[in-house]
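Nothing in this text is a laboratory measurement; each read-out follows from the coordinates by a stated rule. Predicted model, so just to flag it, every value in this text is computed and none were measured. Here the Cβ positions follow ideal geometry from the backbone for every residue, glycine too, while neighbour counts run over all protein chains shown.
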Amino acid sequence: MEKKTLGAKGAACDPASYIDDRPGDGVFRLRRAVYGDPAVFEAELDRIFGRCWNYICHESQITAPGDYFATRIGRHPIFVIRGDDGAPRGFYDSCAHRGTRLTRRRKGNARTLTCRYHGWCFNAEGRCTLVRGGDEGYTREAMAALDTDLRPIAGLDVYKGFVFGCLDDAAGSLGDFLGDVRPFIDLIADQSPQGMEVLRGDSTYMMKANWKLQTENSTDGYHVASVHRNFATTLGYREQISGADGMAKTEASRILDLHNIGSGGYDLAGGHMINWSDRGNPRAAPLWDSRDELLKHHSEGKVRWLVERGQTVTVFPNLLLNDVASTCIRQWRPLAPDLTEIDTWCLAPIGEGAEQRRARIRKYEDFFFPSSLAVPDDVSAMEGAHDGSLAGGGWSEFALSRHTMIDGPDDAARELGVNVRTSNPGRESETPFYSFYREWLRRMERP
Amino acid sequence: MIPFDATLTAEAADLLNREAYLLDRRQWDDWIALYAEDAVYWAPAFASDDEMTDDPDNDVSLLYMDRNGLEARIFRIESGDSYASDPLPWTAHLVTNILVTDIRGDQIDVSASWLVHSFKRIYGSIQRGGLYDYTLRREAAGLRIARKKIMVFDDRITGPLDIYNI
């Protein structure tokens, strides 16, 4: 049988050769060349990013008619714009005339998008409203034959405020794509009956490493006590000299306390995975004061998750909803095998009190920006992992805590009433990664 | 803006230059001694392509710290336990266009432009720049920094952004 080959410019890539997955033998290994191989990268742009649902923005960032948000899916520039009818629509960010990008800002408002190259105009529904000089420049027949409207992307849908788009007509529904990660997204989305909003102030940072390392790291509970030991000790020192109390305190103690804090990791199938831990000091969490209000809307088990646990929810292939140190949306986009562009936003409950909001923001700044006490250490670790992966011939074993993995939900998952493929007690396990890499392989092997 | 005052301008410039010197020579304890006990250290984030955040209680900033926050940054750097801070990059702060813009009682507002050249092997040379808005306060021992607002005109940030390289 002919060997499957993918990738650009004739470079071959056999996706299955990168993963050694033998459940019967208790083996799951990844060939490290998967991070740096240009043929893998090219194939991923088509088969992963070109075909699955990609996070674009949060609805709170495009509230008014004409509000738009511009980004990329894979290499394709796209934007989402809210129409006069209130519906968000997704388009390729490319003029129907000669392909010039139309958005002028990363986000903004435009009831009419005017191409600055030759002046064609489009409304928020993607209809061409002006071909400048068209009456003289084209015969009636030529004009009728022109395709003057914007090209919509194949799919745009919203789950609980999170806007996703896809470029593949055969992608299936967003709901099916998200599958069993939905109840965990709900833990971020359902923190206020009034909804959630992205706060002003964001940051983009670059990582000299492959995008999959960020996906792994988002669910990697093992690095927390090593890479973020400095975060914990630094905040401990600051609390001590500041005499911090109440919400100004942190729960960084959790990081250094592996044995007395409940935690775990789940393989949610479909490439999604989570890592969770009980909060070391739930009363310091900004959501603590909303407990009674939340109990009116949600089950006791769900409120326990909302208030007393923190989780990193990794949505295939490149989205993290993190509610541990604070509430963060992070998305990473592949620019090259060894270069990734990362965006991060703070998400907060609409209508929360001033003290809660202030505490949430300060905790966010402590952890999630390239100027924080944590993200730079993560980035350095991933860059170190990427560079080291270039050492020839290496394999990484995802074997940590494999012996404690169980099929199906554990007690904490049952408390939330959710379906999970496997559970592992303790945050220091590598078994949730199986979800990501099995889905990666399934998609990479699909013709 | 107030009329030129050579003595005051020289005094303000000396303090700003001193801060740059101490950061680039990694004399952290002497550096933090330039800050008043109640000092505010603030680097806003981008709110859009056209504006930066302006309300630290409701917007997210890159950095918004009191003096204890600065002390914690030194703790982090000196611990040797931060992957991103070991080794530190070499840095050279260029602080220029130093202008006294207002005098309010014992407080003096000073603006300046900055560029920081830094080098670390993994990233090579990186240049970042922006503006400083200082409020200096006259205390018994001389001028100290009561407030420093650092506008960082760089997004798509490569490598850490910390007290030593902005």
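Structural remarks
- About the Cα centre, charge dipole magnitude for the protein assembly as shown (Lys/Arg +1, Asp/Glu -1 at Cβ), debye: 1060
- The mean number of Cβ atoms from other chains found within 10 Å of a Cβ in peptide A:201-211 is 5, as a whole number.
- A cut-off of 5 Å between modelled amide H atoms, ignoring neighbours fewer than 5 places along the same chain, links B:Thr158 with A:Met206.
- Ranked packing of A:211-224, B:131-144, most packed first, by mean Cβ within 10 Å: A:211-224, B:131-144
- A dipole drawn for chain B from +1 and -1 charges on Cβ atoms has a positive end, and of B:Tyr134, B:Ala20, B:Pro44 the residue lying farthest that way is B:Ala20.
- Computed over Cα pairs, the Kirkwood radius of the stretch B:6-152 leads via Stokes-Einstein (0.890 mPa s, 25 °C) to a diffusion coefficient of 150 µm² per second.
- When the GluC sites (Glu not before Pro) in the stretch B:23-123 are filtered for DSSP coil states and for at most 10 other beta-carbon atoms within 10 Å of their beta-carbon, the remaining sites are B:Glu51.
- Dipole magnitude of the stretch A:54-158 about its Cα centre (Cβ charges: Lys, Arg +1; Asp, Glu -1), debye to nearest 20: 580
- Given charges at Cβ of Lys, Arg, Asp, Glu: the stretch A:54-158 dipole, positive-most of A:Ala124, A:Ala96, A:Cys57: A:Cys57
- For the stretch B:90-98, 3J(HN,Hα) computed residue by residue from phi via the Karplus equation (6.51, -1.76, 1.60; θ = phi - 60°) reads 6, 10, 9, 8, 10, 10, 8, 6, 6 Hz, glycine and proline entered as x.
- Tensor-based shape of the stretch A:315-444 (alpha-carbon gyration tensor, a/c under 1.5 rounded, otherwise prolate or oblate): oblate
- The largest-to-smallest principal axis extents of the Cα set in the stretch A:261-317 are 34, 25, 17 Å.
- Acute angle (nearest 10 degrees) that the helix A:354-367 long axis makes with the longest principal axis of chain A, alpha-carbon atoms: 90
- Folded to 0 to 90 degrees: helix A:229-242 orientation relative to chain A principal axis, Cα: 70
- The mean number of partner chain beta-carbon atoms within 10 angstrom of a residue's beta-carbon across peptide B:38-48 is 3.
- Amide hydrogen proximity for A:Ile19: with H placed 1.01 Å from N in the peptide plane, the residues at 5 or more positions away or on another chain lying under 5 Å are A:Arg31.
- Ordering A:Leu30, B:Val60, A:Pro370 by the projection of their Cα atoms onto the charge dipole of the protein assembly as shown, which places +1 on the Cβ of Lys and Arg and -1 on the Cβ of Asp and Glu, puts A:Leu30 at the extreme positive end.
- Net charge dipole size for the stretch A:110-186 [Lys, Arg +1 and Asp, Glu -1 on Cβ; Debye, nearest 20]: 400
- Ranked by the mean number of other Cβ atoms within 10 Å per residue, highest first, peptides A:89-97, B:42-50 order as A:89-97, B:42-50.
- The alpha carbon centroids of the stretch B:20-74 and the stretch A:22-54 are separated by 41 Å.
- Pairs of Cα atoms farther than 20 Å apart, the stretch A:54-158, %: 36
- Förster-model FRET efficiency, 45 Å R0, A:Ala225 and B:Arg104, C-beta, rounded to 0.05: 0.40
- Estimated inter-spin distance, B:Ala92 and A:Asn109, nm [label 7 Å along Cα→Cβ]: 4.6
- Distance between the modelled labels on B:Arg156 and B:Glu78, one decimal in nanometres: 3.8 nm (7 Å Cα→Cβ projection).
- Table column - 3J(HN,Hα) (Hz), the stretch A:382-397, Karplus curve with 6.51, -1.76, 1.60, x for Gly and Pro: 5, 5, x, 5, 5, 4, x, 5, 6, 4, x, x, x, 10, 9, 8
- Averaged over peptide A:225-232, the number of partner chain Cβ atoms lying within 10 Å of each residue's Cβ comes to 3.
- Each stretch of four or more DSSP H residues adds -39500 (n - 2.57); spread over every residue of the protein assembly as shown, this sum gives -7500 deg cm²/dmol at 222 nm.
- Within the same chain, aspartates and glutamates fewer than 8 places from A:Lys212 are excluded, and of the rest, those with a Cα less than 13 Å from its Cα are A:Asp37, A:Glu44, A:Asp220, A:Asp338, A:Glu341, A:Glu383, A:Glu439.
- Of the cross-linked pairs A:Lys208/A:Lys302; A:Lys249/A:Lys302; A:Lys249/B:Lys120; B:Lys120/B:Lys148; A:Lys107/A:Lys363; A:Lys302/A:Lys363, those separated by over 29 Å at the C-alpha level are A:Lys208/A:Lys302; A:Lys249/B:Lys120.
- Shape analysis of the protein assembly as shown based on the Cα gyration tensor places the equivalent ellipsoid semi-axes at 40, 33, 25 Å, largest first.
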